[in-house]
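Asks: Here's a structure for you.
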Amino acid sequence: MENKRNELSEKLLYAPKNGYDRLSAEEEKAMNAYCEDYKRFLDRGKTERLCVDYCIELAEARGFRAYEKGMKLTAGDKVYVNNRGKGIMLAVIGTEDLSHGANIGAAHTDAPRLDLKPRPLYEDAELTYFKTHHYGGIRKYQWVTVPLELHGVVVLSSGESVDVHIGGEADDPQFIINDLLPHLGREQGKKPLNEAIPSESLNILIGSKPLAGEECSDRFKLGVLQLLNGKYGITEEDLISAELEAVPAGKARDVGFDRSFITSYGHDDRVCAYAELAGIFAAERPKKTAVCIFADKEEIGSEGVSGMQSQAFDKFMGDLCEMQGVSLSECFAHSFCVSADVTAAYDPNFADVYDKRNAAFVNYGVGLCKYTGAGGKSGASDASAEVVGKLRGLLNDNGVFWQMAELGKTDAGGGGTVAQYMAKRNIDTIDAGVPVLSMHAPYETVAKLDCYMTYKCMKTVFEKA
Ligand code: MN
Ligand code: MN
């Protein structure tokens with residue numbers, strides 16, 4: 001009787017296992033090597049622009065060339081398109097033509113942060129500050145007293161573009177937003193978490209030394225401007241045509257005595273972007289054309305020319321199709337897309353916002369999301385049973401550890417990805433990605449095993465979907 005029951009349990013019940021109970025020693029070694037490369041990607045790619053730069057460096061070293069319309073491409077050829085320095089698309093031409101569709105991985109490399117306002121610079125009480133406008137969904141109380149780096153570009157009136165990178169090198173200064181001392185925080189402490197730190201108080205401290213020997217107004221502001229002008233040749237007006245992003249300082253680090261986690265700024269969604277990138281690099285002679293896209297602007301609704309709603313993607317795919325005499329709509333209708341984005345990992349400290357039976361767990365592998373959305377799946381692309389079935393089968397057949405993931409319990413909140421914009425193009429699309437702890441915090445945490453399995457998922461999709 002007991003034996004019979006065990007047999008039936010094994011046959012009928014779905015009982016996912018912790019990845020460490022299934023991972024071979026050889027795979028663990030490969031996982032650790034992969035994660036070292038991923039940490040380098042995080043450290044080099046602190047902004048979407050820096051991600052694009054580093055992607056190009058890595059891609060060119062592997063034989064990818066900048067795509068130009070009219071290029072004659074044959075199976076195995078590798079190309080990329082740089083979308084305005086803020087997004088990138090890569091393709092490996094398949095042995096079948098594009099009428100059979102492409103296998104697409106879509107991730108995003110923008111991350112929540114503090115953007116400088118167009119007129120950021122001011123002084124108050126003889127201290128100098130930058131005003132910020134937060135980009136994406138942040139919990140504002142997390143961003144005070146965290147050392148910040150500043151990265152971006154300033155475009156001068158002449159059209160010349162000046163790169164600004166400060167705070168990343170060991171001897172660079174960094175920046176900080178101050179918080180109230182507990183001694184005087186009695187009233188602030190009574191406020192709801194979301195109101196205790198108002199957006200307009202997220203002002204970055206940048207200086208306190210006045211212009212030497214001058215008794216003029218704005219002398220503290222001038223002190224900073226003089227330094228900026230000396231180093232970058234810019235004036236206050238130039239800051240109007242700038243994109244300067246304040247991001248948490250510091251490098252990606254292993255976490256835990258066992259080093260099983262990585263904590264870093266920007267895992268959402270660089271952890272999936274890197275999985276795609278490494279996946280397309282490793283994919284061997286794909287039958288269908290493999291395409292990676294790293295979109296910008298996902299955190300603010302995928303809008304804008306560098307976002308997933310932009311036709312930049314359709315233009316690139318259209319050009320490839322035209323070269324093969326295939327219609328773009330025919331290609332899309334037969335394509336398969338993994339919208340590779342992170343999901344929430346179950347956190348026992350906040351158990352009440354999850355449905356434990358449907359949550360993603362750390363170390364259980366890549367999380368497949370049938371749907372995202374909020375308030376009754378609103379805004380979700382809701383992958384069909386057929387699409388979920390296809391990916392599940394593929395991962396099972398190729399030794400990829402996976403799990404189903406729902407972002408929190410029903411009506412606890414919700415979120416979205418680029419999936420809906422791919423589905424709108426008539427492309428079968430499913431969300432899949434790494435479960436993350438403290439998503440959107442200055443330092444997010446992921447498990448190495450889940451990073452590695454997401455890479456294996458993407459490689460499998462590019463080779464075999
Ligand atoms: Mn994301
Ligand atoms: Mn996000």
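Asks: Please state, rounded to one decimal and in Å, the Kirkwood hydrodynamic radius that the chain gives when every pair of distinct Cα atoms enters the mean of 1/r.
Replies: Kirkwood hydrodynamic radius for the chain: 23.6 Å.
Asks: If you take the alpha carbon radius of gyration of region 66-156 and divide it by 2.2 N^0.38 Å, what ratio comes out, to two decimals?
Replies: Details: Rg = 21.1 Å, N = 91, 2.2 N^0.38 = 12.2 Å.
Dividing the Cα Rg of region 66-156 by 2.2 N^0.38 Å gives 1.73.
Asks: While we're looking at this one, here's another question. List the lysines whose Cα sits under 24 Å from the Cα of Lys190, skipping any in the same chain fewer than 8 residues away.
Replies: Within the straight-line cut-off, Lys190 pairs with Lys140.
Asks: Just grab the label-to-label distance for Lys356 and Ala75, each label 7 Å out from Cα along the Cβ direction, in nm (one decimal).
Replies: Calculated label separation equals 5.2 nm.
Asks: I've got another one for you. By a straight-distance test (C-alpha under 19 Å), which aspartates and glutamates pair with Lys209 as possible cross-link partners, with residues fewer than eight away in the same chain excluded?
Replies: Glu123, Asp124, Glu126, Asp172, Asp218, Glu236
Asks: Moving on to the next point. If you take the beta carbon distance between Lys29 and Glu169 as r and set R0 to 35 Å, what does 1/(1 + (r/R0)^6) give as a FRET efficiency, to the nearest 0.05?
Replies: Numbers: r = 32 Å, r/R0 = 0.91.
Computed FRET efficiency for Lys29 and Glu169: 0.65.
Asks: Something else about it: With a sphere of radius 12 Å drawn around the Cβ of Asp268, what net charge do the other residues whose Cβ falls strictly inside it have (Lys, Arg +1; Asp, Glu -1)?
Replies: Summing Lys/Arg as +1 and Asp/Glu as -1 gives -4.
Asks: Rg/Rh for region 44-88: what does it come to with C-alpha atoms and Rh from Kirkwood?
Replies: Here Rg/Rh amounts to 1.02.
Asks: Calculate, for Tyr141 and Glu96, the FRET efficiency according to 1/(1 + (r/R0)^6) with r their C-beta to C-beta distance and R0 60 Å; round to the nearest 0.05.
Replies: 0.70
Asks: Please list, in order along region 333-349, the HN-Hα scalar couplings obtained from phi with the Karplus expression 6.51 cos²θ - 1.76 cosθ + 1.60 (θ = phi - 60°), rounded to whole Hz, x for Gly and Pro.
Replies: 4, 10, 8, 10, 10, 9, 7, 8, 9, 6, 10, 7, 7, 4, 10, x, 6
Asks: Shape verdict for region 371-465, please, from the Cα gyration tensor: rounded (a/c under 1.5), prolate (a/b greater than b/c) or oblate.
Replies: It comes out oblate by the Cα gyration axes.
Asks: Also: How many angstrom lie between the C-alpha centres of region 388-419 and region 86-138?
Replies: A separation of 24 Å, based on Cα centres.
Asks: How far is helix 385-397 tilted off the main Cα axis of the chain, in degrees rounded to 10, range 0 to 90?
Replies: With both axes taken from Cα atoms, the answer is about 80 degrees.
Asks: Still on this model: Quick one: of Lys11/Lys356; Lys370/Lys456; Lys131/Lys297; Lys251/Lys459; Lys46/Lys287; Lys297/Lys424, which pairs are farther than 29 Å apart, Cα to Cα?
Replies: Lys46/Lys287
Asks: To the nearest 10 square angstrom, how much accessible area does Leu193 have with a 1.4 angstrom probe?
Replies: Here the residue's solvent-accessible area equals roughly 90 Å².
Asks: Roughly what angle does helix 219-232 make with the longest principal axis of the chain, taking Cα atoms, 0 to 90 degrees, to the nearest 10?
Replies: Tilt of helix 219-232: around 50 degrees.
Asks: Related question: Could you order peptides 198-204, 184-190 by the average number of other Cβ atoms within 10 Å of their residues, highest first?
Replies: Going from most to least packed, we get 198-204, 184-190.
Asks: Then there is this: For every other residue with a beta carbon closer than 9 angstrom to the beta carbon of Val153, add +1 if it is Lys or Arg and -1 if Asp or Glu, then tell me the sum.
Replies: -1
Asks: Still on this model: Ignoring ligands, DNA and RNA, please state the percent of accessible area on the chain from carbon and sulfur, probe 1.4 Å.
Replies: Heavy-atom surface of the chain belonging to carbon and sulfur, 1.4 Å probe: 50 percent.
Asks: For Tyr346, list long-range residues whose amide hydrogen, built 1.01 Å from N in the peptide plane, is under 5 Å from its own amide hydrogen.
Replies: Distant-sequence amide H within range of Tyr346: Ala360, Phe361, Val362.
Asks: Please give the length that would be gained between Glu322 and Arg84 if that part of the chain were fully extended, namely 0.36 nm times their separation in residues minus their C-alpha to C-alpha distance (nm, one decimal).
Replies: Extra length available between Glu322 and Arg84 comes to 83.4 nm.
Asks: Which distance in nm do the two modelled labels at Ser217 and Leu184 give, with both placed 7 Å along the Cα-to-Cβ direction?
Replies: For Ser217 paired with Leu184, the spin-label model returns 2.7 nm.
Asks: Suppose each label sits 7 Å from its Cα in the direction of the beta carbon; what would the Lys377-Arg119 distance come out to in nanometres?
Replies: With each label placed 7 Å out from Cα toward Cβ, I get 4.9 nm.
Asks: Also: Considering only Cα-Cα distances, which of the following residue pairs are longer than 21 Å: Lys288/Lys448; Lys39/Lys448; Lys17/Lys288?
Replies: Numbers: Lys288/Lys448 29 Å; Lys39/Lys448 10 Å; Lys17/Lys288 32 Å.
Among Lys288/Lys448; Lys39/Lys448; Lys17/Lys288, the Cα-Cα distance tops 21 Å for Lys288/Lys448; Lys17/Lys288.
The values are calculated or read from the model by the stated rules, or taken from the named source; none is laboratory data. All values derive from a computational prediction rather than experimental measurement. Note that we place each Cβ from the backbone using ideal geometry, even for glycine, and neighbour counts take in every protein chain shown. These accessible areas exclude ligands, DNA and RNA; they are computed on the full protein's heavy atoms, side chains included. Shrake-Rupley method; radii C 1.70, N 1.55, O 1.52, S 1.80 Å.
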